[in-house]
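Heads up, the thing below is written out as structure tokens.
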Amino acid sequence: FILKYGVGAKNIINTFNGTYQKDLIIEGTEKTSLSFTKEEISQIYDKFNSISILDYPSDYKPPYSDNPKPDEDRHVEPYCTYILDLTIDGVTKKIIWEDTNYSEIAEAKDLRDLYNFIDEMIRNKEEYKKLPEAVGGYE
């Protein structure tokens, strides 16, 4: 799979070629070699299956249904964009999600948790820890 995520989807893990690109904000991006172990890929695969990843629409736009007031919407700035290209059990799928309303429906939480799970795995890798720290922030 290839997962692009974060503000502007500038963080990129590519399991096909074993690379990772980190968003350094003001300093641009930095790329390194990074790959998952077979056990880690198995854990990610299990997560994909546990949330029925192939059932998500390609253009994912969850509703802000946890809104307590009718006709009110929520817009989060800055927001994360997630672009997932994956092949699982011979099926290729692309899911694009601009998490502009930070929906709290179960399906959105599950997908966000999956992405956070993968990001945490990446952050625990020595290759990631050797990358420079991001400079600045998003407003």
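A few comments on the model shown:
Yes/no matrix, rows are residues, columns are (1) of a type in the set (Val, Ile, Thr); (2) surrounded by fewer than 13 Cβ atoms within 10 Å (Cβ to Cβ); (3) in contact with a Cys (Cβ under 7 Å, 6 or more places away or on another chain); (4) over 14 Å from Lys61 (Cα atoms):
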position: Cys80; (1), (2), (3), (4): no, no, no, no
position: Lys93; (1), (2), (3), (4): no, no, no, yes
position: Asn101; (1), (2), (3), (4): no, no, no, no
position: Ala106; (1), (2), (3), (4): no, yes, no, no
position: Tyr115; (1), (2), (3), (4): no, no, no, yes
position: Ile118; (1), (2), (3), (4): yes, no, no, yes
position: Asn124; (1), (2), (3), (4): no, yes, no, yes
position: Lys129; (1), (2), (3), (4): no, yes, no, yes
position: Gly136; (1), (2), (3), (4): no, yes, no, yes
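- Yes/no for Leu86 being open to solvent by less than 70 Å² (accessible area, probe 1.4 Å) and in contact (Cβ under 8 Å) with a residue 40 or more places away in the chain: yes
- Set Tyr128, Tyr82, Tyr115, Tyr102: member being among the aromatic types (Phe, Trp, Tyr) and farther than 25 Å from Asp55 by Cα: Tyr128
- Scan of the stretch 1-23 for residues that are closer than 24 Å to Ile88 by Cβ and assigned to a strand (DSSP E or B), ordered by number: Ile2, Leu3, Lys4, Tyr5, Gly6, Asn11, Ile12, Ile13, Asn14, Thr19, Tyr20, Gln21
- Any hit, the stretch 37-45, residues being within 13 Å of the chain's Cα centre (by Cα) and under 17 Å from Arg123 (Cα atoms): yes
- Unmet criterion (only one of (1) among the acidic types (Asp, Glu); (2) open to solvent by less than 70 Å² (accessible area, probe 1.4 Å); (3) touching a residue at least 24 places away in the same chain (Cβ under 8 Å)) for Asp59: (2)
- Set side by side, the residues Asp46, Asp23 differ, and just one is loosely packed, with under 12 Cβ neighbours inside 10 Å and modelled with pLDDT of 95 or more, which is Asp46.
- Unmet criterion (only one of (1) open to solvent by 40 Å² or more (accessible area, probe 1.4 Å); (2) free of Cβ contacts under 8 Å to residues at least 60 places away in the same chain; (3) out of contact with any strand residue (DSSP E or B) (no Cβ under 6 Å at 6 or more places or on another chain)) for Gly28: (1)
- Ile96 being in contact (Cβ under 8 Å) with a residue 24 or more places away in the chain and hydrophobic (A, V, I, L, M, F, W, C): yes
The values are calculated or read from the model by the stated rules, or taken from the named source; none is laboratory data. If you're wondering where the values come from, they're calculated on a predicted model, not measured in any experiment. Every residue, glycine among them, receives a Cβ derived from its backbone with ideal geometry; neighbour counts consider all protein chains shown. Heads up: the accessible areas ignore ligands, DNA and RNA and are worked out on the full protein's heavy atoms, side chains in. Shrake-Rupley method; radii C 1.70, N 1.55, O 1.52, S 1.80 Å.
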